[in-house]
Structures are given as structure tokens and as C-alpha cells.
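Working notes, structure below.
Each reported figure results from applying straightforward, stated rules to the coordinates on display, with no laboratory input. Keep in mind that this is a model prediction, so the values were computed, not measured.
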Amino acid sequence: MHAFSDLRTAAYCPRQCYYRWQEDDREPPPEVEKRRDLAFQYPEFLDGADLMGQPISVTPTQYRSNLSCAKARFDAFEALCRPESRDVLLTGKECRGIAHKVLDLDSPTPSLVSAGSPPENGVWHPQTVHAVAAAKALAFERETPVERAFVEYPTHGIIRTVELTTRRKAAYRRAVRTLESIDGPPPRLDDDSKCESCEYREECGVKTRSLRSLLGLG
């Protein structure tokens, strides 16, 4: 049974997933929990609660504007503010993990809360795979179709929808196969942009190249 977090990491970099497996302590740091807690305070922030000192990544004015847009855009906004359940352990056929919120809509819907920043549009690919895994696990437990999930970026006040399209389900299947194939360090990626910020770069032994060397000047 695969963990949602492993599936997400494997979708980003299988080699990073392998190194993460070698660690004993895989709990998120306290600052991650503080950022996620913002996702349970939307009504207070919209009502003018003080945002100074909160771990937001935009100005208070922009934050409230983003939340107001989300409220106007999503019919599920009230349910996101007052979810049926929170921090729910879901177990599907292949994967298990925590859904930060489960919403009681026309069909049950999971929501994942990210401590990071959103892309300009949509959801980061690894988080898309994670969202599909959560939706499939919830569907398996409730024995009912689940056709979408939410991903929240509460440090920005932004909420995105992930529809379970054929393409996204295929990406989930690829990530599952990747996890099942890991029995040692997978090959290194060619994407230097991922390696530069990776906490396992020293163990991995990857050498990122400077722009100067890429241009043949170094």
C-alpha cells in the first residue's frame, strides 16, 4: 500500500522518493502545519481578522481579494470553510494517506492543503497525482464516484479544482507504476531545475551546471 506522500514525490522525482525512504523522521516541520492551519480560518480572514503575523505569502489586501474571488467562483466555498471532516485517513486499493478536508457535497470530495505556492494556473503535477489518489481512495471507501478534488494554497488564499480526467488518471497510474518499480536508486533526472533545490543533492551526487557552462563559456 503506497502513501500519498510517496506517490506525490515519485511523480516529481523517483530518485528523491528513494532517498526520502531512507529517513526515519518524515513528519512535516511545524511551520508547515502553521501554514495549513490558515485553510481553516477563511471566514475570519474575510471578516477582517488581523493578518499581520500570519504566515501568508502576499499582502493582506491581496490575500482577502484572492479569498473573495474563491468565494465567488466556487459553490463549494462554504463547505471548504466548514468541512464535514478534517485530517481523514483514506485507504484505497493501492494508496492511503490523509485528506486534510472531506466535503459533504453532491458526492464526497477531498481537499488537500498545500503549504507552498501555486503555479500561475492549475495545480503542480505532483499535487495533481496526489489529488487523484485521494479522490480514488475516497471513492473506494464510500463506494461512490468521486469526480473532482480541491487543492488549497492557504498562504495565498487560492483554491484550485482538479477534475479527474482521463489524462490525470493516467498520470496517477504512471506514478503508481514508478513507485512499484523502485528497488534501488532510480536514474538521475536531466532536469537541473529540480536538482538545485533538492535536499538530497549531496547524497544523489548530481552536479548542476551554471548558465556559463551551459553556454560553453566556462
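Overview of results
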| item | result |
| --- | --- |
| Segment 69-146: C-alpha gyration tensor shape, a/c 1.5 cut-off, then a/b vs b/c | oblate |
| Net length gained if the chain between Glu143 and Gln41 were fully extended (0.36 nm per residue, minus Cα distance) | 33.6 nm |
| Extended-chain gain in nm, criterion 0.36 nm per residue less alpha-carbon gap, Lys93 and Asp183 | 30.3 nm |
| Per-selection Rg to Rh, segment 2-183 - Cα, Kirkwood hydrodynamic radius | 0.97 |
| Segment 126-140 versus segment 29-57: alpha-carbon centroid distance in Å | 25 |
| Percent RCO, i.e. relative contact order, over segment 38-156, from Cα pairs under 8 Å lying at least 6 residues apart | 27 |
